[in-house]
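So the structure is just underneath, and the comments pick up after that.
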Amino acid sequence: MHKNRLRLVGALAAVLVAGGMAAPAQAHDKQPTLADLAQRHGRYFGSATDNPELVDEPYKAVLGSEFDQITPGNGMKWYATEPQQGVFDWTAGDEIVNLARAHHQKVRGHTLVWHSQLPDWLTSKEWTAKDLRAVLKKHIQTEVRHYRGKVFAWDVVNEAFNEDGTYRETIFYKTLGPGYIADALRWAHQADPKVKLYLNDYNIEAIGAKSDAYYKLAKELKAQGVPLNGIGLQTHLALQYGYPTTLEDNLRRFSKLGLDTALTEVDIRMILPATEEKLAEQATWYADLTDACLAVRRCVGITIWDYTDKYSWIPAFFEGEGAALPYDEQLQPKPAYFAIRDALK
Ligand code: 9MR
């Protein structure tokens, strides 16, 4: 399978280059899009985006045509939505929701409870459990109510566990204990009983200590009747660390608990420079994770963490790494793009 795909992708790339066909992305307009192909399987294929990028018209054209699901990269996070206590600002999130609606794309809400990108008023103070509970409940319910009917799912709690499967010692965990997760889910459900509620994290693609922690917690929450609908696997992969070969089994065990799963923030970075070999391996990984999602009925869709290397978070966070997405910095599709298409066919 791997070898065939590599050969196919390589051949296709060679034909395109030889024929001078590395043409603008618009040249693909008449072919079915990633979204079209995913829909044939009852899945979506989405991309994250971020507000500063929305002045880039060629970028927006591909974002609006190739994908049927959007996740705001930053605009719905706590620092953006409640910059002062009790003062809510929906400008950034609304801009993305409105753009998505104009293109009939569904929106994943990201994220309600996270230890990162919190406003200063929240992190610079010592909270009593009673006060922090009230603040958390109000934040969750105000935001979920605002986006009711506009987002299909929420990453309710993001990145709650450490690599070894212990709870991350966040302000919420330290002040409220592990029960903050069930509370957050219940509060979100009260505010919008229809929206799908997820826990979301990275490095939980393979079966291991961290994904086991989610499995155990999800099982407990389901047994207690807590409104949890799914687990989001961020899927920030890196070629140098190897492919998570237990991904499909992992997705399947969550399905068996009665949960949806989604690959929510996919990218596959590499140590630069990006060689033809690395791009071919990356393409294979993109195809493999697409196959894994398609093989598990309750894996509802795939979202890449923006679609182009032009706007990837990777170079700023991992020095010397990048080229993680299916489109290059000139918005040209890479071998990974064709490999995903092939996997969806
Ligand atoms: O894409 C986001 C980037 O613009 C921000 O600078 C960064 C700050 O931590 O967050 C990025 O998105 C993260 C997401 O919200 C949660 N999972 C990891 C993502 C990459 O850092």
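The values are calculated or read from the model by the stated rules, or taken from the named source; none is laboratory data. All of these numbers come straight from a predicted model, not from anything done at the bench. Neighbour counts are summed over all protein chains in view; Cβ atoms, including those assigned to glycine, are modelled from backbone coordinates with ideal geometry. The area values use the complete protein model at the heavy-atom level, side chains included, leaving out ligands, DNA and RNA. Shrake-Rupley method; radii C 1.70, N 1.55, O 1.52, S 1.80 Å.
Kindly indicate whether Arg133 is among the basic types (Lys, Arg), surrounded by fewer than 22 Cβ atoms within 10 Å (Cβ to Cβ) and within 16 Å of the ligand (Cβ to nearest atom). Write out each step before concluding.
Working: among the basic types (Lys, Arg): yes; surrounded by fewer than 22 Cβ atoms within 10 Å (Cβ to Cβ): yes; within 16 Å of the ligand (Cβ to nearest atom): no.
No; evaluated as a whole, the condition is false for this residue.
For residues in segment 225-235 being under 17 Å from the mean Cα position of the chain (by Cα) and not small (Gly, Ala, Ser), which is most open to solvent (accessible area, probe 1.4 Å)? Step through it out loud before you land on a result.
To start, the set of residues in segment 225-235 that are under 17 Å from the mean Cα position of the chain (by Cα) comprises 229-235.
Next, only the ones that are not small (Gly, Ala, Ser) stay: 229, 231, 233-235.
Numbers: Asn229: 47, Ile231: 0, Leu233: 0, Gln234: 2, Thr235: 1 Å².
The residue in question is Asn229.
Somewhere in segment 99-106, is a residue open to solvent by less than 60 Å² (accessible area, probe 1.4 Å) and within 16 Å of the ligand (Cβ to nearest atom)? First the steps, then the outcome.
Within segment 99-106, the first condition is being open to solvent by less than 60 Å² (accessible area, probe 1.4 Å), and the residues that meet it are 99-100, 105.
Going one step further and asking which of them are within 16 Å of the ligand (Cβ to nearest atom), we end up with none.
No.
Which helices (runs of 4 or more DSSP H) does segment 1-81 wholly contain that include 2 or more residues that are more than 21 Å from Asn158 (Cβ to Cβ), open to solvent by less than 80 Å² (accessible area, probe 1.4 Å) and modelled with pLDDT of 95 or more?
Details: elements: 2-18, 34-39, 57-66, 78-81.
Once the helices (runs of 4 or more DSSP H) in segment 1-81 are filtered for at least 2 residues that are more than 21 Å from Asn158 (Cβ to Cβ), open to solvent by less than 80 Å² (accessible area, probe 1.4 Å) and modelled with pLDDT of 95 or more, what remains is 34-39, 57-66.
Any residue in segment 82-92 that is surrounded by 22 or more Cβ atoms within 10 Å (Cβ to Cβ), under 20 Å from Val157 (Cα atoms) and out of contact with any strand residue (DSSP E or B) (no Cβ under 6 Å at 6 or more places or on another chain)?
no
What's the total number of residues in segment 288-321 that are out of contact with any Leu (no Cβ under 9 Å at 6 or more places or on another chain) and over 16 Å from Phe254 (Cβ atoms)?
Filtering segment 288-321 for residues out of contact with any Leu (no Cβ under 9 Å at 6 or more places or on another chain) gives 291, 297, 300, 313, 316-319.
So of that shortlist, the ones also over 16 Å from Phe254 (Cβ atoms) come out as 291, 313, 316-319.
Counting residues in segment 288-321 that are out of contact with any Leu (no Cβ under 9 Å at 6 or more places or on another chain) and over 16 Å from Phe254 (Cβ atoms) gives 6.
Name the one entry in Ala283, Ala287, Ala262 that is open to solvent by less than 10 Å² (accessible area, probe 1.4 Å) and in contact with a strand residue (DSSP E or B) (Cβ under 7 Å, 6 or more places away or on another chain). Walk me through it before giving the result.
On the way: Ala283 fails: in contact with a strand residue (DSSP E or B) (Cβ under 7 Å, 6 or more places away or on another chain); Ala287 fails: in contact with a strand residue (DSSP E or B) (Cβ under 7 Å, 6 or more places away or on another chain).
When all the criteria are applied, what remains is Ala262.
Please identify the pairs in which a residue from segment 115-132 that is more than 17 Å from Ala184 (Cα to Cα) has its Cβ atom under 7 Å from the Cβ atom of a residue that is surrounded by 12 or more Cβ atoms within 10 Å (Cβ to Cβ) and of a type in the set (Ser, Thr, Tyr), counting only partners at least 6 apart or on another chain.
Gln117/Tyr79; Pro119/Tyr79; Trp127/Thr175
State which residue is farthest from Gly232 (Cα to Cα) when the search covers only segment 294-319 and only residues that are more than 16 Å from the ligand (Cβ to nearest atom) and open to solvent by less than 40 Å² (accessible area, probe 1.4 Å).
Initial filter on segment 294-319 (more than 16 Å from the ligand (Cβ to nearest atom)): 294-301.
Imposing the further condition that a residue be open to solvent by less than 40 Å² (accessible area, probe 1.4 Å) reduces the set to 296, 299-301.
Numbers: Val296: 14, Cys299: 10, Val300: 10, Gly301: 10 Å.
My answer is Val296.
Taking the criterion of being small (Gly, Ala, Ser), touching a residue at least 60 places away in the same chain (Cβ under 8 Å), within 12 Å of the ligand (Cβ to nearest atom) and under 27 Å from Tyr337 (Cβ atoms), would at least one residue in segment 67-78 satisfy it? Spell out how you get there, then give the answer.
Here is the first cut: in segment 67-78, the ones small (Gly, Ala, Ser) are 73, 75.
The next check asks that each one be touching a residue at least 60 places away in the same chain (Cβ under 8 Å); those that pass are 73.
Within this subset, residues satisfying the condition of being within 12 Å of the ligand (Cβ to nearest atom) are 73.
Narrowing the set further to residues that are under 27 Å from Tyr337 (Cβ atoms) leaves 73.
Checked against the condition, which is being small (Gly, Ala, Ser), touching a residue at least 60 places away in the same chain (Cβ under 8 Å), within 12 Å of the ligand (Cβ to nearest atom) and under 27 Å from Tyr337 (Cβ atoms), segment 67-78 yields at least one hit.
Please go through segment 209-224 and give me each residue that is open to solvent by 10 Å² or more (accessible area, probe 1.4 Å) and either within 16 Å of the ligand (Cβ to nearest atom) or within 19 Å of Thr264 (Cα to Cα) (or both), ordered by number.
Residues satisfying the conditions are Asp212, Ala213, Tyr215.
Within segment 320-345, can you find the residues that are under 17 Å from Asp68 (Cβ atoms) and open to solvent by 30 Å² or more (accessible area, probe 1.4 Å)?
Across segment 320-345, the qualifying residue is only Lys345.
Within segment 160-169, does at least one residue satisfy the condition of being touching a helix residue (DSSP H, G or I) at 6+ places or on another chain (Cβ under 6 Å), open to solvent by 40 Å² or more (accessible area, probe 1.4 Å) and acidic (Asp, Glu)?
yes
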